[in-house]
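Report on one structure; see the data block that follows.
The values are calculated or read from the model by the stated rules, or taken from the named source; none is laboratory data. In this text the structure is predicted, and so the values were computed from the model without any measurement. Ideal geometry is used to build each Cβ from the backbone, glycine not excepted, and the neighbour counts take in all protein chains shown.
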Amino acid sequence: ARPTIAIVGRPNVGKSTIFNRMVGDRQAIVEDKPGITRDRLYGTGEWFGKAFNVIDTGGIEIDGEDEILRAVKVQAELAIEEADVIVFMVDGKAGITPADEEIGQLLFRSGKPVVLGVNKIDNIKMQEEIYEFYSLGFGDPIPISGAHGIGMGDLLDAAMVHF
Ligand code: GDP
Ligand code: MG
């Protein structure tokens with residue numbers, strides 16, 4: 001079976017941007033299973049001849065910190081079930097937030113392989129912003145810029161190790 005990558009993280013870190021980079025112009029399918037997957041996008045990607053499924057989690061617009069965290073947790077739990085590898089996405093411009101820490105703990109407890117992607121590292125000067133993310137406990141943070149398409153290969157290489 002085709003391995004599945006789930007992209008998990010709090011809102012606005014760049015999950016959908018990364019998803020679009022991975023999927024490219026391949027059609028993304030909106031699954032419409034009421035109550036469960038209505039806000040998730042499924043697509044397929046390919047890297048060095050190996051096809052994979054990719055899930056973009058948490059597309060809902062929600063207000064308030066508590067609501068956000070609850071929704072993200074639900075999404076993370078669903079993604080954990082389905083995924084072979086989780087791409088944990090954080091925002092290198094914003095730094096670590098309490099929501100990142102909560103999601104990190106949830107992912108850590110799952111025992112599933114996690115690759116940590118630090119998005120919004122748009123240029124070389126921002127490289128040093130990745131170091132604080134070591135404290136999340138997922139090994140080497142991988143600098144990426146979804147906006148500029150930087151680091152996507154490194155991220156996919158790291159994910160593929162777990163296929
Ligand atoms: P999501 O909520 O996690 O799916 O995040 P989105 O992909 O919707 O992106 C949230 C915001 O961050 C948007 O305004 C994007 O344009 C912006 N963004 C995404 N990737 C990057 C990046 O690599 N660099 C910068 N500077 N902004 C980005
Ligand atoms: Mg999104």
Exercise. Out of the residues in region 1-24 that are of a type in the set (Val, Ile, Thr) and within 15 Å of residue 81 (Cα to Cα), state the one that is nearest to ligand 2 (Cβ to nearest atom).
Key: 7
Exercise. Residue by residue through region 5-20, note down the ones that are within 6 Å of ligand 1 (Cβ to nearest atom) and under 16 Å from residue 156 (Cβ atoms).
Key: 14, 15, 17
Exercise. May I ask you to verify whether residue 138 is part of a loop (DSSP other than H, G, I, E, B), within 14 Å of residue 9 (Cβ to Cβ) and under 14 Å from the mean Cα position of the chain (by Cα)?
Key: yes
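Quick one: would you say residue 117 is out of contact with any Ser or Thr (no Cβ under 9 Å at 6 or more places or on another chain) and not in a helix (DSSP H, G or I)?
Yes; evaluated as a whole, the condition is true for this residue.
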Quiz prompt | Answer residue from region 89-143, given it is farther than 20 Å from residue 70 by Cα and of a type in the set (Gly, Ala, Ser) and is modelled with the lowest pLDDT among those | solution = 111
Practice problem: Select from region 50-84 the residues that are modelled with pLDDT under 75, assigned to a loop (DSSP other than H, G, I, E, B) and under 15 Å from the mean Cα position of the chain (by Cα) and list them in ascending order. | Solution: 58, 59
Quiz item: For residue 88, are the conditions met, namely being under 24 Å from residue 52 (Cβ atoms), surrounded by 19 or more Cβ atoms within 10 Å (Cβ to Cβ) and either free of Cβ contacts under 8 Å to residues at least 40 places away in the same chain or not aliphatic (A, V, I, L, M) (or both)?
Solution: yes
Quiz item: (1) at pLDDT 65 or above; (2) part of a loop (DSSP other than H, G, I, E, B): which one isn't true of residue 36, the others all being true?
Solution: (1)
